[in-house]
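Below you will find the structure I want to go over with you.
The values are calculated or read from the model by the stated rules, or taken from the named source; none is laboratory data. It should be emphasised that the depicted structure is a prediction, and the values quoted were computed from it without experimental measurement. Neighbour counts run over all protein chains shown; Cβ positions are idealised from the backbone, glycine included. Keep in mind that these areas ignore ligands, DNA and RNA; they rest on the heavy atoms of the full protein, side chains included. Shrake-Rupley method; radii C 1.70, N 1.55, O 1.52, S 1.80 Å.
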Amino acid sequence: MFFAHAALVQAITFVLRPTTTYRAIELDVPVAWLGALGATFAVAPLLLAIPAGQGADRFGERRVMVGGALLLVVAAAGLLLVADNVTGLVIASLVLGLGHLCSVIGQQAMVANASPVAGYDSAFGRYTFATSLGQAVGPGLIVAFGGTSIIPATQPIFLWSSLLTVLLLGLTLALPRGHRTDLDAAHGAGGVRALFRRPGMIRALIVSSLVLAAVDILVVYLPALGAERGIAAGVVGGLLAARAVASMVSRFYLGPLVGLLGRRTLLLSSIILSAGCIAALAAPVPTTMLGLLVALAGFGLGTGQPLTMASLAEAAPLGLRGRAMSLRLTGNRLGQVVVPTGAGLIAAGAGTGGVLLVTSLWLLAAGAAARDLH
């Protein structure tokens, strides 16, 4: 049931975000603004991630996840009912980001608290496999309602997504209560400042944020790239699904891959692979090659999140693991605000291809930060 919850949260998010981009294109929003619209998903969570992590530590993971499910219901309903202007899109994206944040903080804290430290790579690999499954299934609604058109019918997608959020709320209420931290133990472990002093914590946060920002760029700008090159919306939905499926494969085999190569070598090699493939997307390649490049980039990007989760959970003491996950998500959201907004400025002068080239450089910077991780 927990893994079904993880998959459903991502399915909802990864159909609503690209569909929001398509609705913005319908409303004639300039391409340079799409990055800023994508960044609104991260603004409120950037401010509230730490309190959400504290709530997961203090009150238990499920309560935070129930709040997240309720916010996702509101976001989907908002996109269905009031997203006929830019203001509606921005507000709904803000609520969507906050709902997603509460859901995933609760999930990640539950994995960290319920798994033995020696099994973190495998545990987070299984968890992120479930999230990738959701990310693969979600864009299927775009395929179903997009067909051969360049811009899909967005209203039916918002309707079905709203129904999925109601299902998610019911599933969340059926989850076990989760773990409540002993407050004395948490106080003895220190606070957020103590987490920053843990070896490797800051580097892991940097790597995590840059890798997730690269995933965000693909989600936001693949529809724009498809629109520029006259690629049908159904094909773009297939590309987004291919990225997620490739991430599923790398996460399914994460435990054996770490055993074979080691965490640091695997992380470095996967980041370099992703950077090269994303840079190649900027070239005018055939659609078949586009699919191969997106899949390879997805395979590489798929390892970054579970490996940095495992590093952070390993570094955090009992009583602070919810806050460690919230720190990671704060860094991720900062990357999601800064990187897509910067990407939008680049798109104004260099187009979508320029955004993809700069994203590959950001990933190489993440690789440099990952060299000293263990």
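For TYR253 and LEU167 in the same chain, what is the full-extension length gain: residue separation times 0.36 nm, less their Cα-Cα distance, in nm? Walk me through the numbers before you get to the answer.
Numbers: separation 86, 0.36 × 86 = 30.96 nm, distance 2.97 nm.
Taking 0.36 nm per residue and subtracting the Cα distance, the gain is 28.0 nm.
For labels at LEU159 and ILE202 in the simple 7 Å Cα→Cβ model, what's the distance in nm?
5.3
Under a crude label model (7 Å from the Cα following the beta-carbon direction), how far is THR87 from ASP28 in nanometres?
1.9
Starting from the 7 Å offset along Cα-to-Cβ, what nm value, one decimal, do you get for the label separation of THR288 and THR265?
Computed distance between label sites THR288 and THR265 equals 3.5 nm.
Can you give the accessible area of TYR253, probe radius 1.4 Å, in Å² rounded to 10?
Roughly 120 Å² of TYR253 is accessible to a 1.4 Å probe.
Given a Förster distance of 30 Å, report the FRET efficiency between PHE3 and ILE272 from their Cβ-Cβ distance, rounded to the nearest 0.05.
Details: r = 30 Å, r/R0 = 1.00.
Step by step, r from the Cβ atoms, then E = 0.50.
Average the reciprocal distances over every distinct pair of alpha-carbons in the chain, invert the result, and give the Kirkwood radius in Å. The partial results should precede the final answer.
Values: mean 1/r = 0.0497 Å⁻¹.
Roughly 20.1 Å, rounded to one decimal.
Which value, in Å² rounded to 10, gives the accessible area of GLU314 with a 1.4 Å probe and all protein chains present?
Here the accessible area works out near 100 Å².
Further question: Need one number for region 1-81: average projected area of the convex hull over its C-alpha atoms, nm².
On the way: hull surface 24.5 nm².
Hull-based average projected area comes out at 6.1 nm².
Tell me the volume per residue, in Å³, of the convex hull enclosing the alpha carbons of region 1-160. Spell out each step's value before the answer.
Values: hull volume 18.2 nm³, N = 160.
Per residue, the Cα convex hull of region 1-160 comes to 114 Å³.
Same structure again: Ignoring everything except DSSP H segments at least 4 long, calculate the 222 nm mean residue ellipticity for the chain; use -39,500 (n - 2.57) per segment, divide by total residues, nearest 500.
Values: 15 runs with 317 residues, N = 374.
Calculated at 222 nm, the ellipticity per residue is -29500 deg cm²/dmol.
Now for a different question. Just read off the accessible area of SER209 with the full protein assembly in place, 1.4 Å probe, to the nearest 10 Å².
Accessible area, nearest 10 Å²: 20 Å².
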